[in-house]
1. Give me a count of the residues in region 56-88 that are over 26 Å from TRP27 (Cα atoms) and assigned to a helix (DSSP H, G or I).
2. Which of the residues spanning region 63-106 are surrounded by 16 or more Cβ atoms within 10 Å (Cβ to Cβ) and either at positive phi or over 17 Å from the mean Cα position of the chain (by Cα) (or both)?
Amino acid sequence: MRGLIPVSRTAQVVGRYLFLLVVGLLWALDVVICGGVFIVFGDIADMGWIGTLAAGAFIFALAVILGSVLLACAYRFTFRKMMVASGVVLVGLYAVIALLSRLPVDWQWLLLNITDFLTIWWHTALVLAVLCLLAYFGSMLIAIRIYRAKEL
């Protein structure tokens, strides 16, 4: 076994990805139901139904994107290698942000344009949907390819 998750058939790879969708949907449903209960009983009425649905959609997108990436990595890497890679990614993100703050060129206009674009709710939903689809299907194809390489 070279990775964290043992694999015996391609159907298991696809099944794990379908299970990821189910878990993401259940988690989002849990957030929406709990938010609805809080709204009905008046604990967080200022959030409203739109905020509750947005939180559920965000939880689903987060579960699908992060779950897809971690699932594909788990077919190839051991736990220790995945932890080291997570640390490297975090340090790399910090380094990129630190370097961006030192640039002599004014790049804040790009961030302002991106955030201005994402203030419209359907733009944000569209971007999240595209990211979810790319992460999910791209990760599944990579995981199937890793499995087939192990099978030989």
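No lab work stands behind these numbers, since they all come straight from the coordinates. Note that the structure is a prediction, hence the values are computed from the model and not measured. Glycine gets a Cβ as well: all are built from the backbone with ideal geometry, and neighbour counts include every protein chain shown.
1. Total meeting the criteria: 7.
2. TYR75, ARG76, PHE77
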